[in-house]
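Heads up: the structure comes next, in structure tokens.
Quick note: the coordinates plus some simple rules give every number you see, no bench work behind them. Everything numeric in this text was worked out from a predicted model, so none of it was measured. Here the Cβ is made from the backbone with ideal geometry for all residues, glycine too, and neighbour counts use every protein chain on show.
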Amino acid sequence: MFRQEVSETSVSTKGRGFYEITREVESFVSKTGIKTGLATVHIQHTSASLLVQENADPEVRRDFERFFQRLVPDGDRIFEHTAEGDDDMPAHIRTALTTVNLSIPVVRGELALGTWQGIYVWEHRKHPHTRRVTIHLLGE
Amino acid sequence: MFRQEVSETSVSTKGRGFYEITREVESFVSKTGIKTGLATVHIQHTSASLLVQENADPEVRRDFERFFQRLVPDGDRIFEHTAEGDDDMPAHIRTALTTVNLSIPVVRGELALGTWQGIYVWEHRKHPHTRRVTIHLLGE
Amino acid sequence: MFRQEVSETSVSTKGRGFYEITREVESFVSKTGIKTGLATVHIQHTSASLLVQENADPEVRRDFERFFQRLVPDGDRIFEHTAEGDDDMPAHIRTALTTVNLSIPVVRGELALGTWQGIYVWEHRKHPHTRRVTIHLLGE
């Protein structure tokens, strides 16, 4: 029997960086008992994004941060919208370059993630924020 | 009772820039009467994309445009595929750096968008185009 | 009657480059007989991604490759995570800048792709790999 489950959750960030939510999404899928389906994760913000990336080596995340800081520098004088801080427009652009939603199949009761794939909330603002995330699960 | 609804619509653009479609997607969701579900928006092009971004301050969109023009310059001599104009390859790359589809949960009869999230068609070509967008809604 | 179908497939790559899977996804949709629905394609890796792009002119893909090699250079000294090769961190970043999953509506028994849209696995590592891809289809 097809059914849907929704989880409205939030992630407290301590400023710019990665916050893994793989286990939280997996645990939600597991609790519903849905064996085959589709899980959608949506972050309700424009200055924090979602990233599926390697969950093994923390060097990878440090390199990501360094690369994006060079690609979209804080305080870049190209930006006109600076009233909310010199990291605000970079946060919007970093969000656009990554993604705000993911749709991952559920197979045999688990997210069809690869061995090294973890799901992260990537906070792009320097200050702590509470980031709302909606998880939608459909299946049977 | 689960059901699906599909809307095949189009957006007329006046050249490079942002065209908000949030209300159109919301109104489609509302008309179907579906209270819980999943809305997918797909743009059927390779030189225009979808973007979820701040809908409050137009400065943000001007900064986006400026940043992307610097990141992927029109007429960059690195490009071989120039027969369709000096903004054609940049339009393809800008599309790849953003996205062509979005999947947004529907909760309590509304898209689970954040307060500041608007859905935009981002036209990357300089000339006007008609951009076809398919909206798929599944739920009950 | 709503139903779901899942295909767990793989793509053998010969190193960095584009591998079109449009026909494989279309053929899966066609075989299920589902006329209206949602197809989700998820690649289970962090150094290969999915791209919807022009399927007509191979110049476009060469320009993509050239642009991304300049944007995220192999062997960039900014990277700390180099143990797996000088193309490893660039592969992770190129994956993040594009996408690992796509959700495409199915209308009249076919993927709602535009005329020029093809679905590609983009291998970002220089060496050959076997890339696992999960296709989930839901509809009736």
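Only a single item in (1) more than 15 Å from residue C:101 (Cα to Cα); (2) more than 15 Å from the chain's Cα centre (by Cα); (3) buried (at least 20 other Cβ atoms within 10 Å of the Cβ) is not met by residue C:38, and it is number (1). The residue pairs whose first member lies in segment A:113-126 and is without any contact (Cβ under 8 Å) to a residue 12 or more places away in the chain, whose second member is buried (at least 20 other Cβ atoms within 10 Å of the Cβ) and part of a loop (DSSP other than H, G, I, E, B), and whose beta carbons are closer than 6 Å, counting only pairs six or more residues apart or on different chains, are A:114/C:44; A:114/C:45.
Of the listed requirements (1) surrounded by fewer than 22 Cβ atoms within 10 Å (Cβ to Cβ); (2) within 13 Å of the chain's Cα centre (by Cα), residue A:101 misses just one: (1).
Summed over segment C:102-140, residues that are over 12 Å from residue C:13 (Cα atoms) and among the acidic types (Asp, Glu) total 2.
Name the single residue, out of those in segment A:108-139 being more than 12 Å from chain C (Cβ to nearest Cβ), charged (D, E, K, R) and over 12 Å from the mean Cα position of the chain (by Cα), that is farthest from residue B:68 (Cα to Cα). For segment A:108-139, the residue satisfying everything is A:126. The residues on offer are B:76, B:86, and the sole one that is more than 14 Å from chain A (Cβ to nearest Cβ), more than 16 Å from residue B:21 (Cβ to Cβ) and surrounded by 15 or more Cβ atoms within 10 Å (Cβ to Cβ) is B:76.
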